[in-house]
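Asker: Supplied in structure tokens, the structure appears directly below.
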Amino acid sequence: MIPPGSHQPHRSTQPGSFESGQTATTTTGTESQAPPTGRAGTGTRTPAPSAAAREYYADERTRLLIGDALTVLRELPDGSADCIVTSPPYFWTRDYEAADQYGLEATPQDYLDRLRAVMAQARRVLAAHGTVWLNLADSYSQRTAIRTSSHQEGLHGARGARPAWRDLTLAGRTRLPAHNLINNRPVPEKSLLLLPERLLTALAEDGWLIRSKIVWAKTACLPDPATDRPARRWEPLFLLTKHRHYSYDRAAAPHGDVWSLPASRGAGAHSASYPVDLPQRCIAASCPEDGVVLDPFSGSGTTALAAHRLHRRYLGIALRADYHALALPRLGLPRPTAGHQAGGAAA
């Protein structure tokens with residue numbers, strides 16, 4: 001099931017399956033500064049699902065866990081993922097109506113600190129030869145209202161009328177530029193917060209190698225409502241590694257750092273997913289055959305679908321069980337047992 005502490009990318013006791021009955025080692029403090037081991041340790045055991053990480057679905061090639069990304073990552077074995085492809089919720093963009101959700105922190109600094117902590121655990125979980133592909137868009141310091149996770153419904157009433165700002169404020173769905181503090185200083189109104197750049201600078205200080213910044217040029221996307229700046233038509237995708245030498249198949253990789261792909265309309269109620277071709281390119285380029293792909297923000301399973309198409313194993317983490325429920329039919333998988341479904345949304 002879950003990738004074991006003894007996982008190695010080209011070998012397992014039963015090819016094509018997760019080994020079971022092993023448990024993670026838990027490290028604390030400066031995990032991101034730990035020296036490379038070259039491979040995961042042996043003789044460890046993976047934890048049973050807990051209040052932090054509740055199992056929603058598991059078979060030989062796929063495991064879906066419910067819980068907070070940081071908390072669940074802490075329970076995973078060292079070096080157990082060959083490739084991480086993920087897109088964390090963007091800051092103050094959507095309300096997923098889940099406790100402890102990412103993106104609605106009190107300040108953008110809190111958001112950056114939280115993602116940095118997630119990436120420290122991701123570094124520990126990533127194999128020495130592993131890669132991380134991180135999609136993260138920026139936000140503006142402006143008077144704004146949050147949307148719910150379906151496309152435009154968060155800002156509109158039943159008949160399409162936009163609620164009054166006062167009503168949205170009373171519902172806790174608005175934000176002012178004065179709230180946007182970074183290093184205890186507000187970012188001026190209408191300015192980009194530069195969140196991707198700030199996070200990547202911090203990750204470089206933590207020892208990550210920032211190998212590439214890729215432009216995802218959107219060939220089709222929703223209209224941008226701004227009238228006093230160029231419309232946004234691209235998002236960054238970053239390639240990070242732990243070490244100088246890592247898995248990378250040049251023949252399978254795109255020959256350039258501008259990827260022209262349409263924006264995804266998502267799956268069901270989850271509208272924030274990227275198109276499946278994006279994670280598929282990442283996985284083909286850097287995940288060994290039969291390797292393990294991890295997405296700490298699994299959502300409706302777009303990364304899982306890409307991993308399945310390329311015959312890689314998959315481990316996904318989501319705060320809400322209903323997003324995993326969206327993923328299963330996309331993957332052609334059966335509904336989980338009643339016991340697995342009982343976890344519900346994470347507390």
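The values are calculated or read from the model by the stated rules, or taken from the named source; none is laboratory data. Computed from a predicted model, the values in this text were never measured in an experiment. We place every Cβ from the backbone using ideal geometry, glycine too, and count neighbours over all the protein chains shown.
Asker: Keeping to region 71-95, report how many residues are among the hydrophobic types (A, V, I, L, M, F, W, C) and touching a Phe, Trp or Tyr at 6+ places or on another chain (Cβ under 9 Å).
Answerer: To start, the set of residues in region 71-95 that are among the hydrophobic types (A, V, I, L, M, F, W, C) comprises 72-73, 76, 81, 83-85, 91-92.
Next, from what is left, pick out any that are touching a Phe, Trp or Tyr at 6+ places or on another chain (Cβ under 9 Å): 83-85, 91-92.
Going through region 71-95 one residue at a time, the tally reaches 5.
Asker: Tell me which residues, restricted to region 194-207, are outside any helix (DSSP H, G or I) and within 11 Å of Leu112 (Cα to Cα). Spell out how you get there, then give the answer.
Answerer: Applying the first criterion (outside any helix (DSSP H, G or I)) to region 194-207 yields 194, 206-207.
Matches in region 194-207: Leu194 only.
Asker: Within region 268-291, identify whether any single residue is modelled with pLDDT under 90 and either surrounded by fewer than 20 Cβ atoms within 10 Å (Cβ to Cβ) or aromatic (Phe, Trp, Tyr) (or both), and answer yes or no. Write out each step before concluding.
Answerer: Initially, region 268-291 is screened for residues modelled with pLDDT under 90, giving 268-273.
Pick out the ones that are also either surrounded by fewer than 20 Cβ atoms within 10 Å (Cβ to Cβ) or aromatic (Phe, Trp, Tyr) (or both) and you get 268-269.
So far as region 268-291 goes, yes, one or more of its residues are modelled with pLDDT under 90 and either surrounded by fewer than 20 Cβ atoms within 10 Å (Cβ to Cβ) or aromatic (Phe, Trp, Tyr) (or both).
Asker: If you go through region 238-256, how many residues are modelled with pLDDT under 95 and surrounded by 10 or more Cβ atoms within 10 Å (Cβ to Cβ)?
Answerer: Number satisfying all stated conditions: 1.
Asker: Which one of these does Ala137 not meet: (1) assigned to a loop (DSSP other than H, G, I, E, B); (2) at pLDDT below 95; (3) in contact with a strand residue (DSSP E or B) (Cβ under 9 Å, 6 or more places away or on another chain)?
Answerer: Ala137 satisfies every listed condition except (2).
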